[in-house]
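Novice: After the structure tokens below, expect a handful of questions from me.
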């Protein structure tokens, strides 16, 4: 299915943004930080009252991206129409510049499992996800981005490499890819993949956004370690290095700093965004040089 | 090879029912239980946090460890149905009422019921109040058939114990207020609503309570005033309209209305 034609071009610039959390609502209004855009979790704004009023005020100064964490694109039993409608209503009010969801599942038998659970990388999962992305894009009347997950386990019967799965979803549905560079780093460590190979396999033309965040390391019972995508610290040097590789491959892409656990003062987030912004400026300059040379 | 649905049900059994067998057999990993535990912990801690945000006074009354324990049991029995977790936890007050280890806190379920109403008020949809011009435009003979639709933030909570005093005292850590509570003070009839400045909890007397419940249940004005004659109902109605507590109205079928003298509705 081709992407819906009515999707307007994204007004989010290829600059650094921050994930907006409740702790920073008032600070953002008070300080009016110099940051290009912000992203929120759609599920946090499904009710009325204070959060939505803050977002109304903030969206008049910053482009907003709506990032869903609970639609469960990979549910075998289908999407919850009530949740789809809640997302649509938030989008109608906020008029986001981008909307995204995850290649994951979180609902089965009517139970929400409160995490982005890994899918078996099979043809059946691919069909389910593509059907649901088609459904979401038709319902929202716009293109969405889908994000690669962090995963802590793999299934025996997975046969499709995750990067091929991501690419196939984009090809079959016309959606874009939200490339979470930290998630690639985390999953590559956890499953023994090569992160550069993963990046190199993604099609640059459909990368609509990049996520960066911190993660933690946890020991397993057999002496090995798992990297856990807890969004609770600064982006580590290895992930910044992988981000530079991503920019070399994709060119400048809107890049978001996420922080959800032990959320620091706004300044710390802005510092991380400045770092990403500097790397984006370098990528801009490189792209301009390449254009001149061509 | 398991179907996607079989796999997802196996994962649910692992995370909610703590039965790892089927899921572990599907994993291409060493130490499968450690890996499943990561998702189980995220599930339980995430949903427990959602409950704690909706029930902060219950959390303080029972303490963090007890809360975590009772939340874990509650979550296994009533897991969330959607990612809109602000809506989660409606059954928690009733669960607490029947939870034997908390039986000595006789008022705990009442405080929880109040907190649920407060949480619903906090998260209720934004809806514009009723435009009073629409009311005054009604022909006089139709006014007795008006049945109001309350603002979604409005909750009416009848508690056996003074839950409002306990709730305020606990959340403001006001030991003096808590020490002064007499549990035999009798029941409390509470109106919970979201105003521009935040959620308010106010006490209603018996008359105001009966009036408020009938209005908010969508009874016709004829019924409401038939039952509350000569008790200041017109002043209460004016107060409710002025406070924007109604967002809409419908007209009851004419044959069911009782003719009665109504206060004049002015916008």
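Novice: Name the single residue that is farthest from residue A:217 (Cα to Cα) among those in region A:152-164 being buried (at least 22 other Cβ atoms within 10 Å of the Cβ) and touching a residue at least 40 places away in the same chain (Cβ under 8 Å).
Specialist: A:162
Novice: Okay, next question. Any idea which of B:15, B:4, B:61 is at the interface with chain A (Cβ under 7 Å from one of its Cβ atoms), modelled with pLDDT of 95 or more and either under 29 Å from residue B:178 (Cβ atoms) or out of contact with any strand residue (DSSP E or B) (no Cβ under 8 Å at 6 or more places or on another chain) (or both)?
Specialist: B:4
Novice: Among the candidates A:142, A:172, which residue alone is away from chain B (no Cβ under 14 Å), at pLDDT 95 or above, surrounded by 14 or more Cβ atoms within 10 Å (Cβ to Cβ) and assigned to a loop (DSSP other than H, G, I, E, B)?
Specialist: Step by step, each of A:142, A:172 is checked, and only A:142 is away from chain B (no Cβ under 14 Å), at pLDDT 95 or above, surrounded by 14 or more Cβ atoms within 10 Å (Cβ to Cβ) and assigned to a loop (DSSP other than H, G, I, E, B).
Novice: Here's a follow-up. Every residue in region B:18-28 that is at the interface with another protein chain (Cβ under 9 Å from one of its Cβ atoms) and surrounded by fewer than 17 Cβ atoms within 10 Å (Cβ to Cβ), please.
Specialist: Within region B:18-28, B:25, B:28 meet the criteria.
Novice: Residues of region A:241-254 being over 12 Å from residue A:284 (Cβ atoms) and touching a strand residue (DSSP E or B) at 6+ places or on another chain (Cβ under 9 Å), which ones?
Specialist: Selection gives A:243, A:246, A:249, A:250, A:254.
Novice: Next question. Out of the residues in region A:70-106 that are surrounded by fewer than 23 Cβ atoms within 10 Å (Cβ to Cβ) and at positive phi, which is nearest to the chain's Cα centre (by Cα)?
Specialist: Filtering region A:70-106 for residues that are surrounded by fewer than 23 Cβ atoms within 10 Å (Cβ to Cβ) and at positive phi, the one nearest to the chain's Cα centre (by Cα) comes out as A:95.
Novice: Further question on the same structure: Can you tell me which residues in region B:121-130 are more than 9 Å from chain A (Cβ to nearest Cβ) and either free of Cβ contacts under 8 Å to residues at least 60 places away in the same chain or closer than 14 Å to residue B:156 by Cα (or both)?
Specialist: Within region B:121-130, none qualify.
Novice: Follow-up. Suppose the filter is in contact with a helix residue (DSSP H, G or I) (Cβ under 9 Å, 6 or more places away or on another chain) and within 23 Å of residue A:212 (Cα to Cα); does residue A:115 pass it?
Specialist: It is true that residue A:115 is in contact with a helix residue (DSSP H, G or I) (Cβ under 9 Å, 6 or more places away or on another chain) and within 23 Å of residue A:212 (Cα to Cα).
Novice: Taking residue B:94 and the conditions (1) part of a loop (DSSP other than H, G, I, E, B); (2) over 28 Å from residue B:233 (Cα atoms), which numbered condition does it fall short on, given that it satisfies the others?
Specialist: (1)
Novice: Could you please find all residues in region A:49-60 being within 13 Å of another protein chain (Cβ to nearest Cβ) and assigned to a loop (DSSP other than H, G, I, E, B)?
Specialist: If the condition is that a residue be within 13 Å of another protein chain (Cβ to nearest Cβ) and assigned to a loop (DSSP other than H, G, I, E, B), then A:49 is the only one that fits.
Novice: Only one of (1) crowded, with 17+ Cβ neighbours inside 10 Å; (2) more than 18 Å from the chain's Cα centre (by Cα); (3) closer than 27 Å to residue A:152 by Cα; (4) more than 7 Å from chain A (Cβ to nearest Cβ) fails for residue B:73. Which number is that?
Specialist: (1)
Novice: Moving to a separate point now. I'd like to check which strands (runs of 3 or more DSSP E) are fully inside region B:132-206 and have at least 3 residues that are surrounded by fewer than 16 Cβ atoms within 10 Å (Cβ to Cβ).
Specialist: Fully inside region B:132-206 and qualifying: B:198-203.
Novice: Here's something else I'd like to know. Restrict the check to region A:71-78 and report whether at least one residue is at the interface with chain B (Cβ under 9 Å from one of its Cβ atoms) and touching a residue at least 60 places away in the same chain (Cβ under 8 Å).
Specialist: Checking region A:71-78: at least one residue is at the interface with chain B (Cβ under 9 Å from one of its Cβ atoms) and touching a residue at least 60 places away in the same chain (Cβ under 8 Å).
Conditions (1) in contact with a strand residue (DSSP E or B) (Cβ under 8 Å, 6 or more places away or on another chain); (2) under 30 Å from residue B:154 (Cβ atoms); (3) in a loop (DSSP other than H, G, I, E, B), marked per residue:
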| site | (1), (2), (3) |
| --- | --- |
| A:18 | yes, no, no |
| A:23 | no, yes, no |
| A:34 | no, no, yes |
| A:47 | no, yes, yes |
| A:62 | yes, no, yes |
| A:77 | yes, no, yes |
| A:82 | no, yes, no |
| A:93 | no, yes, no |
| A:99 | yes, no, no |
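Novice: Moving on to the next point. Please determine, by comparing only the residues of region A:241-280 that are free of Cβ contacts under 8 Å to residues at least 40 places away in the same chain and buried (at least 17 other Cβ atoms within 10 Å of the Cβ), which one is nearest to residue A:193 (Cα to Cα).
Specialist: Here the answer is A:247.
Novice: Out of curiosity, is residue B:135 more than 14 Å from chain A (Cβ to nearest Cβ), over 26 Å from the mean Cα position of the chain (by Cα) and within 30 Å of residue B:241 (Cβ to Cβ)?
Specialist: When the stated conditions are applied, residue B:135 passes them.
The values are calculated or read from the model by the stated rules, or taken from the named source; none is laboratory data. Since the model is a prediction, treat every value here as computed from it, not as a measurement. Note that each Cβ is placed from the backbone with ideal geometry, even for glycine, and that neighbours are counted across all protein chains shown.
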